[in-house]
Amino acid sequence: MAKEIRLCAYEETPDVVPESSSPFKFTSLSREIRDQIYVWALVAPSPIIVWKGQWGTDTDKTRRLHSYTTFTDVVQIRKETHRRWIDPSATKHSLAECSTNLFFCNKQIGEEAAKVFYRKNVFAFLGDHNWDPIVSWLTMINNRNRNHLATLEFKAYRPEEVWQRPNGERDTREEDSREPDYPRNPHLHFSTPIKYGLVEIINPAIEEIFQLLGQQKTSTHKVTINFKLRYNYPGCGWVVEEGDHYPQDGWCSMDLPNLVEKFRTLYSPKSLVDVIWTGKCPKEIVGRGDRDYTRTSIEVHLENMKNKGWEVEISPMEGDNWEWALYDKYDAEDKHIPSMVLRRMPLKEPLIGDDPNPWAGALRRLSSEEYELEKTNHYYD
C-alpha cells in the first residue's frame, strides 16, 4: 500500500512543458527602430576612404611607410619608374566599425541597410587620384545606391598643363607626363584673339561623375560634393617671390570650377547636386611673412575673390586681426587659421576659358610667331 502511495505522489508532479512561441523576427520591429539600428551598425565615425593613392617610385620611402601595395599608371620619368601607388588598407580601416554583413542577410534588410549606409556616411577619395576611380566606383554601386548618396569628398588638385599655340592647337607633351593629353572641353570657348601659353587639361571623367549623379537621379535627396582644397583656391593667382625659378607651378585657373559648375547645372537641373570648395584660408588672406592683415585688407581680398566668381564664407574672425602661423604648418587645432567655404556663382554664357598661365614663358622658348606676338601685344599687361 505504501508503494502504491509513493507512485501516486510521483504521478501527481508532472513535468512543466514551456508554451510554444514563434522566433523573433528583426523585420517585425518598426522601420524607425530598424533604421536606428542600421545607424549604430553602419555609420562610420569618420569619412569612409574609397580610394587613396599617390605617385611614387619603387623605392619611395613615403610609399613604403604607408602600406601602398598595389599600383596603376606606370610612367617613366627621367631615369626612374613612377607609379600611382594605391593603399587598399585605408578602405579596410575606415570600414572597421561598420557591420557590412547586414547587406547580405536578405533582400529587404540589405536594401534598407544600404540606404542608411550610403546616405549617412561621407565617402572620400584621397591623394593623387585622376578622377577615373570615382567614375568606376559610382558605376559599380549602381543607380539605386547612387540615389542614396549624401556627401562625397574629392581632393581638388591643380590640373596638369599643356602648351596652347596661337591657333588654338595643343602641343603633344613629353612622354613623362602623368596624365594623357585630353582635348579641350567643348563647353570652354576660346577668347578672342586666341592666346598662346600653358592651359590646363581637364579630365573628361569629371563630366561623367556629374552625369552619373544627376542624369539618372530618381530621388529628391540632395548630394553634396566637397572639393577639398590643399593650398590656394582656383583663380587666386600666385604671388611670385624673388628667386622663384618655377613661378608657373603656382598658377591655377578657373577652368576646373567653371566646368564643374557647368556640369552641375547641365546634369542636375533641379539643383539636387550641390558643390562646395573647402579649405584653410590661403596666406594672401590671412597674412604674409610677419605681417598681420587687418579686417579691411582681408575684405579687399575677399572682394577680389568675388570678382573671380566665388561666393565666400569664412569662419568668424577673432578680434581685429588674425595671427598668422607659418603657411606650411596649418593645423586643424590652430584657432587662428580660419576655414573657408567657396561656391561658384552662376555662370555667364558663353563660357570662356581662362587665359593661359601668365608665367608660361618661364618654362619654354617661344616660337617665332609667339615671339612676334609677345613684342606687339603682350597678353598680360
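Does the range 176-191 include one or more residues that are over 21 Å from Met254 (Cβ atoms) and in a strand (DSSP E or B)?
No; the residues of the range 176-191 include none that is over 21 Å from Met254 (Cβ atoms) and in a strand (DSSP E or B).
Which of the residues that make up the range 302-311 are crowded, with 17+ Cβ neighbours inside 10 Å and in contact with a strand residue (DSSP E or B) (Cβ under 8 Å, 6 or more places away or on another chain)?
Met305, Gly309, Trp310
Being of a type in the set (A, V, I, L, M, F, W, C), more than 21 Å from Ile352 (Cβ to Cβ) and either more than 18 Å from the chain's Cα centre (by Cα) or part of a strand (DSSP E or B) (or both) is true for just one of Ile209, Ile194, Ile225. Which residue is that?
Numbers: Ile209 fails: either more than 18 Å from the chain's Cα centre (by Cα) or part of a strand (DSSP E or B) (or both); Ile194 fails: more than 21 Å from Ile352 (Cβ to Cβ).
Every option except Ile225 fails the conditions.
I'd like the residue in the range 101-157 that is under 12 Å from the mean Cα position of the chain (by Cα) and among the aromatic types (Phe, Trp, Tyr) and, out of all such residues, is nearest to Ile37 (Cα to Cα).
Filtering the range 101-157 for residues that are under 12 Å from the mean Cα position of the chain (by Cα) and among the aromatic types (Phe, Trp, Tyr), the one nearest to Ile37 (Cα to Cα) comes out as Phe123.
Those residues that are without any contact (Cβ under 8 Å) to a residue 60 or more places away in the chain, loosely packed, with under 15 Cβ neighbours inside 10 Å and of a type outside the set (D, E, K, R), I need them from the range 175-192; list them, please.
Result: Pro180, Pro183, Pro186, Thr192.
Mind checking which pairs have a first residue in the range 152-172 that is in contact (Cβ under 8 Å) with a residue 60 or more places away in the chain and among the small types (Gly, Ala, Ser) and a second that is surrounded by 15 or more Cβ atoms within 10 Å (Cβ to Cβ) and not in a strand (DSSP E or B), Cβ under 6 Å, 6 or more apart or different chains?
Final answer for the pair search is none.
Which residue is modelled with the lowest pLDDT, if the candidates are limited to the range 333-355 and must be more than 18 Å from Arg264 (Cα to Cα) and of a type in the set (A, V, I, L, M)?
Once the filter is applied, the top-ranked residue is Ile337.
In the range 141-155, what count of residues is obtained for those that are outside any loop (DSSP other than H, G, I, E, B) and either surrounded by fewer than 19 Cβ atoms within 10 Å (Cβ to Cβ) or in contact with a strand residue (DSSP E or B) (Cβ under 6 Å, 6 or more places away or on another chain) (or both)?
Residues meeting the conditions: 9.
Between Asn167, Asn232, which is of a type outside the set (A, V, I, L, M) and either modelled with pLDDT of 85 or more or in contact with a Leu (Cβ under 8 Å, 6 or more places away or on another chain) (or both)?
Asn167
Condition check ((1) in a helix (DSSP H, G or I); (2) surrounded by fewer than 13 Cβ atoms within 10 Å (Cβ to Cβ); (3) modelled with pLDDT of 95 or more; (4) under 22 Å from the mean Cα position of the chain (by Cα)) across all residues:
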{"site": "Ile37", "(1), (2), (3), (4)": "yes, no, yes, no"}
{"site": "Ala44", "(1), (2), (3), (4)": "no, no, yes, yes"}
{"site": "Lys52", "(1), (2), (3), (4)": "no, no, no, yes"}
{"site": "Phe71", "(1), (2), (3), (4)": "no, no, no, yes"}
{"site": "His82", "(1), (2), (3), (4)": "no, no, no, no"}
{"site": "Lys92", "(1), (2), (3), (4)": "yes, yes, no, yes"}
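Looking at the range 115-136, is at least one residue modelled with pLDDT under 90 and either under 26 Å from Thr218 (Cβ atoms) or surrounded by fewer than 17 Cβ atoms within 10 Å (Cβ to Cβ) (or both)?
Looking through the range 115-136, at least one residue is modelled with pLDDT under 90 and either under 26 Å from Thr218 (Cβ atoms) or surrounded by fewer than 17 Cβ atoms within 10 Å (Cβ to Cβ) (or both).
The values are calculated or read from the model by the stated rules, or taken from the named source; none is laboratory data. Model, not experiment: these values are computed from the prediction. Cβ coordinates were reconstructed from backbone atoms using ideal geometry, including for glycine residues, and neighbour counts include every protein chain displayed.
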